[in-house]
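Here's the structure, in structure tokens; my notes come after.
Every read-out reported here was derived from the displayed coordinates using simple, explicitly stated rules and does not represent laboratory data. It should be emphasised that the depicted structure is a prediction, and the values quoted were computed from it without experimental measurement. For neighbour counting, all protein chains shown are included, and Cβ atoms are generated from backbone atoms with ideal geometry for every residue, glycine included.
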């Protein structure tokens, strides 16, 4: 069911330290599938599948642009992009997937980003310009890594507040969240800690859940997690999933084949049902309702909040 | 025969038990009390939220609409809107709120008191008042006998009305 | 390969019954899969332009002129309306490449529909460069009814559309309602389950993978617009048909089939719901033997509550026997 795109690297931009921006075109030079703002591309990075937000325009595109942060200690996908890729090289990707779309009904879009989390925000800002939507941006980046600063300034102008010190970011966040007109929706993207702080502050200032949208980054460097057990419903066998091993890996080592593709929690292929225990969701695929229902999980990244999970396998 | 869960009519609009307001974390509250019972209920909410609420009172939804709209235009995120009044007025005010960009988890409705509901005749687009769902009323616009159907518009709070005896004209 | 019949209404007719009995089901399948029938074929493309193209578009224009409430685009659906227009322009151009073309040069798009003698040079997103609002503009060039659903907070809302050929519902009233609200009230649990499953499916739809399903009922007279708004016009026919002689009955009673396409719009993320309506009178249906026999069986067996929900309770038994009788020693 998943279709793949054959792409060629038509441009590389290394002007920002630690971040490589790629321009990708169709191998046949033709049109690429349009995409919803905030969408990500699951790219084949030398055999590993990594998800990167598209930063270019999604209407009738002839190119896709992504920005890849060089992650130390990751699974190597970003290292491959930084070290092994040249203009003219070919690779493949899944069709763009939308998981962080702007809310059409929003009267105003408040965009808060940290570091490489700015990438889906750039996509939102492009659409906001096309549709003349009201925006406001707060962006914190490392001083030596001003990713997409030019884009943000060009697209948001005076509505963008860009800082490099965490203290400045924290100081501006409160007043920013406290004074938004009813109808505003908040979108935040960046490291898990930043997202957590932003959402916690927003909730404390009375923001209801329906107005809060986030996309967690750093999906290629997930913490190894606590060990837990999994009980296989068909045989009653109890397996231990150690820290650093995913549930998918544990099941595969036991001889159970699970359909999978990206192995990063974005594509949805490795979804398995859960009949007991409380899942710890760490994916970017399931909806909030689905996560709350607790009857399925993405076994490539998600783990358990209870000592054991039960699966009908 | 008709399962209410399958209709567009909220449970509170057909006499289901009135829910207490949610124990939630708004920063400011806009409290609207329509009719005597609604006023009393909204007033009790106001006393439980000292310094954090504004109250608007009136005899029916039309009387308070302009003030509610103005308050919402000037509101910030962190607001909660709580409505107290008869079902028809609450439906109309819910419609006003949702079209003014209020989200469902910022809105609470408690039914208090009784009152008329509005039906929109889909043949001539005129609004007539009625007492209850299932009633047959004379449309003030086209004179047809329309039935107040179990179908309510989210945006206006009005019920769908269609000619009850259209097929009889074929006899 | 079955022989195509000369009658264009038969050739492209999407006969809806796969078995001799009918029950509600979610019956969703991938789009663009051609279906070969004893009379011809249908389903190879998302949009269908047939011999009724100009007549139905004129009918739509007349309905909208008399009642503009049949079309609405809530303000936040502007982007989805443009996305729909572009998507349907691409589909039309692919369906009729000799007469319809869409090209782009930088910011400028050029649209030519030589069947209708239309041309537009527009800038995407700029209303001033189109003769009318984009959803209405493209609705005037396709026979399909259009509904756009905005997905937010785990639900779908019918926040835009142009629907002139509704089968006993009112789009103008329903604008802004959720998918589940629009489909209520349903008299039976089985219908509710089908609707809930369709809802769950729609929420998971991905772009570039269109799906479709069919729905059916019956209409008296070759009448596309049987909306609730005009119920006082077509409702009485359900009574008067009881007094029609056999020849008139077969001429007036139509099998009405909707081919619905379900598409996730690629740039706005909204869901596009297309409804294409086909009407075939029983007298023509009866000329295709397998259709005649199957439709007779389905109608005879159809439970009363389903017939009632479909609005055909007053004449479906007669339709069943009318069709059955045409096979016994006829011709």
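Note on region C:238-300: Cα Rg divided by 2.2 N^0.38 Å, N the number of residues, gives 1.62. Here C:203, A:6 are placed in order of increasing Cβ neighbour count within 10 Å, fewest first, which gives A:6, C:203. With a 10 Å cut-off around each Cβ of C:221-229, the average count of Cβ atoms from other chains is 2. The distance linking region A:128-182 with region C:110-162 is 34 Å (Cα centroid to Cα centroid, whole angstrom). A straight line joining the Cα centroids of region B:44-93 and region A:240-286 runs 48 Å.
Cβ-to-Cβ counts within 10 Å put B:25, A:105 in ascending order as B:25, A:105, the fewest first.
In the protein assembly as shown, what % of DSSP beta bridges are antiparallel (nearest 5)? Don't skip to the end; give the middle numbers.
On the way: 104 of 150 bridges.
About 70 percent, rounded to the nearest 5.
For chain C, the longest principal axis of the C-alpha atoms and the axis of helix C:189-204 are separated by about 30°. Peptide packing for C:32-44, C:66-78 was compared via the average number of neighbouring C-beta atoms within 10 Å per residue; ordered from the highest value, the list is C:66-78, C:32-44. Taking every Cα-Cα distance in region C:184-263 and sorting them into 10 Å bins starting at zero, the pair-distance distribution P(r) comes out as 14, 32, 31, 18, 5, 0 percent. Shape of region A:108-216 from its Cα gyration tensor (a ≥ b ≥ c, root eigenvalues): rounded if a/c is under 1.5, otherwise prolate when a/b > b/c, or oblate? The shape class here is oblate.
Once each part is reduced to its C-alpha centroid, what is the distance from region C:1-59 to region A:21-62 in angstrom? Rounded to whole Å, the Cα centres lie 36 Å apart.
Calculated mean residue ellipticity, 222 nm, chain A: -6500 deg cm²/dmol, from DSSP H runs (n ≥ 4) at -39500 (n - 2.57) each, averaged per residue and rounded to 500. Does region C:1-140 come out rounded, prolate or oblate by the C-alpha gyration tensor, with a ≥ b ≥ c the root eigenvalues, rounded set by a/c under 1.5 and, if not, prolate when a/b is larger than b/c and oblate if not? Verdict is prolate for region C:1-140. Counting other Cβ atoms within 10 Å as a rough exposure proxy, the listed residues A:269, B:106, C:258 run A:269, C:258, B:106 from fewest neighbours to most. The long axis of helix C:289-301 is offset from the longest Cα principal axis of chain C by roughly 80 degrees.
List the relative contact order of chain B as a percent without decimals, with contacts defined as Cα pairs under 8 Å and 6+ residues apart. Can you show the working numbers first?
Numbers: 342 pairs, mean separation 35.7, N = 171.
Answer for chain B is 21 percent.
Shielding value for C:238-245 is 2, the average number of Cβ atoms from other chains within 10 Å of each residue's Cβ.
For the segment A:130-137, counting C-beta atoms of other chains within 10 Å of every residue's C-beta and taking the mean gives 2.
For chain C, what does the relative contact order come out to in percent, with C-alpha contacts under 8 Å and a separation of six or more? The normalised contact order for chain C reaches 19 percent. Counting only alpha carbon atoms, the long axis of helix C:78-95 and the longest principal axis of chain C meet at about 60°. Based on C-alpha pairs under 8 angstrom that are at least 6 apart in sequence, region C:85-163 has a relative contact order of 18 percent. Each listed q (0.14, 0.17, 0.22 Å⁻¹) maps to a log10 I(q)/I(0) for region A:1-133, found by the Debye formula over equal Cα scatterers with no solvent: -0.62, -0.90, -1.41. Taking 1.567 mPa s as the viscosity and 4 °C as the temperature, the Stokes-Einstein diffusion coefficient of region B:7-115 based on its alpha-carbon Kirkwood radius rounds to 95 µm²/s. If you wrap the protein assembly as shown in the convex hull of its Cα atoms and look at it from every side, the mean projected area works out to 38.3 nm².
Tell me whether region A:245-313 comes out rounded, prolate or oblate; compute the Cα gyration tensor, take square roots of the eigenvalues as a ≥ b ≥ c, and use a/c under 1.5 as the rounded threshold. Cα axes put region A:245-313 in the oblate bin.
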